Amino acid sequence: MQALGMRFLWIFGWLGCLVWHAQAQQAAPRRILVFTKTAGYHHASIPDGVKAIQQLAAQHQIEMDTTTDAGMFRMPELQRYAAIIFLNTTGNLFDSLQQQAFQQYIRQGGGYLGIHAAADCEYDWPWYGQLVGAYFKSHPAVQKARLWIQLDPRFPELEALPHPWIRRDEWYNWRIPPAQSQVHVLVTLDESSYTGGENGDYHPVVWYHDFDGGRAFYMEFGHTSESYSEPAFLQLLQAGLQYAMGEK
């Protein structure tokens, strides 16, 4: 009987540990990494973007780290993050081991959010181009343009955005726009509303897709400092972050 009682005590103790572990996991703070390394053009708006994301994170009880150090891209370090934001990154960012670590992170269910010049880097790494969805080619001068919202049940926030949406930014032309069969486009650019567009009638600027085991959300907006205090921009940024974190 004594042995049986000890067995029950052990079982109940084990179950209690499982419950505590599950509760601890639920209570654990969510964490994101904002990566801002530039090996090419350096956007003056990067500090504004970091500040805006910090404020969003604080409002939604998300912990946040920022870095320009590609050395942080190693496993299991990256597993600490629910999503990684590439904020106006440019040029060649990683060595081969860092590329492998980031690829492993995505393949294990990690999330990526690319902002503006996140499409202007790692041109020699085709996997990264597929993750983002498109590579930057060129851009005209900063100017206002008309945007069309593509409603998506996964993103009800889009219904609150202006239809059409007139905003000022630096508008990228793509080497090859992302294929409609590979990404879900949320916002397109009307090239008849500004000068310098080169992608024609199909010019997406915001999209998302499940990719290689993980999630990727890209928004072309974010060249100007003013972007990061624009309520509609921040609303879309928050929705993209939720998707990248696996909460949509």
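The values are calculated or read from the model by the stated rules, or taken from the named source; none is laboratory data. Here the structure is a predicted model, which means the values were calculated and not measured. The accessibility values were calculated without ligands, DNA or RNA, using every heavy atom of the protein model including side chains. Shrake-Rupley method; radii C 1.70, N 1.55, O 1.52, S 1.80 Å.
Using every pair of separate Cα atoms, the Kirkwood estimate puts the hydrodynamic radius of region 48-169 at 16.6 angstrom. Backbone phi angles across region 181-187, fed through the Karplus curve with coefficients 6.51, -1.76 and 1.60 (θ = phi - 60°), yield HN-Hα couplings of 7, 10, 10, 9, 7, 10, 9 Hz in residue order; Gly and Pro are listed as x. Answer rounded, prolate or oblate for region 42-95, using the Cα gyration tensor with square roots of eigenvalues a ≥ b ≥ c: rounded when a/c is under 1.5, else prolate when a/b is larger than b/c, else oblate. Verdict is oblate for region 42-95. The mean sequence distance of close C-alpha pairs (under 8 Å, at least 6 residues apart), as a share of the length of the chain, puts its relative contact order at 19 percent.
The amide H of GLN143, built 1.01 Å from its N in the peptide plane, has ASP169, TRP171 as neighbours under 5 Å, considering only residues 5 or more places off or on other chains. Restricting to bridges with both residues inside the chain, how much of the DSSP beta-bridge set is antiparallel, in percent to the nearest 5? Roughly 50 percent of the DSSP beta bridges within the chain come out antiparallel. Report D for the chain in µm² per second (integer): Stokes-Einstein, Kirkwood Rh on Cα pairs, 10 °C, 1.306 mPa s. This corresponds to a translational diffusion coefficient of 82 µm²/s. Taken per residue, the accessible surface of region 20-135 reaches 44 Å², heavy atoms only and a 1.4 Å probe.
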